[in-house]
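Written out below as structure tokens is the structure these notes cover.
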Amino acid sequence: GKLCQRATAEASQATLASVSPVFAVMKLDKEGNATYFEKKKTELYQELGLQARDLRFQHLMSIATRNNRIILRMEFLKAVITPEFLLILDYRNLNLEHWLVNELASQLAGEGQLVTYSLPFEFRAIEAILQYRISKLQGRLNTLQPQILETLEALVDPKLLSVDRSKLHVLLQNGKSLSELETDLKVFKETILEILDEEEVIEELCLSKWTDPQVFEESTSGIDHAEEMELLLENYYRQAEDLANEARELRVLIDDSESIIFINLDSHRNVMMRLNLQLTMGTFSLSLFGLIGVAFGMNLESSLEEDPRMFWLVTGIMFLGSGLIWRRLLSFLGRHLEPPLPPHVSAVMKKSQPAPGRAEIKSSLKAETFGLSRSTLANQ
């Protein structure tokens, strides 16, 4: 029975190992030399001394430490940092070959513009990845900003009586892209801030401290390397904060522009409604005095139809009466639709006049400040 159970367990383990995902791994050492290989997930986390859950990468962005290893994910970038090398997992699906080969390798070798080139390897690896992420976010903002400004400038034009729907569609798409950018910046900031709030996590990010403590005694500037790691993270947190502020300004500009667009549309709508109301009143006036013409058109005999001047008299009365009624209706409309005039300034000043004691104190202060006499202030 034990032999059967052991055989069954070995068979199940073999089955699980056969279905284990295979990672296409790019390995970069301290000199920037790159090697490529494929390895199953089970073999990889066993070699690195990690657990299976450490290589799931289920979060949008995360930076964690396990067994003197830094497990890092930046959107689609999956990386494992050790004191000796950097592993990029599934690099073929990232479309990042240009950055991985031409830029990242040289940065890790100390040939780039990294400020941590004199520090241990994990500093250079973290800074290179954070710099790449910030540059991508900056590029997205630089692409959206001119498009949004151009679209808003075209929409807020006061000469336009109607809004171009194609421009609104473009603004909607840019607004969605801006929201996604704000979300990514928020996640980036929150991830960095969580690390900055935990001193133990910052200490754990200094991998060489546990393998070679002499390296982490002091840097050339006399600052502990844990503080160097904190300053590094703070630097990129501030950059992300600046990008978030620029994105927030764009969002406020979009909201203000939408308010202006709605105000313009409401203004044009009010003009059309006022014109429609005036035409309705004119039609009502003509219809009211048109009853006279209807009365004369009933083919009823009277002595008035024999007088040749009666036609012009009745027609003049109709038009004159219609015009008078229309003018009265317009004046009624103006009195009830025009905004009321503000109260007179002198009346407001009389109501808000301060007490005599306070007035004297304010007048004396004004006299001392501006060099005016108390009598001049009393006259004013």
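Can you work out the FRET efficiency for the pair Leu50 and Val187, with r the C-beta to C-beta distance and R0 = 22 Å, to the nearest 0.05? Here the calculated transfer efficiency is 0.40. For Lys78, nonlocal amide neighbours, meaning residues 5 or more places apart or on other chains whose placed amide H falls under 5 Å from its own, are Leu89.
Dividing the mean sequence gap of close Cα pairs (under 8 Å, 6+ apart) by how many residues the stretch 84-148 holds gives a relative contact order of 23 percent.
A short reminder: the numbers here are calculations on the coordinates, not readings from a lab. Note that this is a predicted model, so its numbers are computed, not measured. All Cβ positions, even for glycine, are placed from backbone atoms using ideal geometry, and neighbour counts span all protein chains on display.
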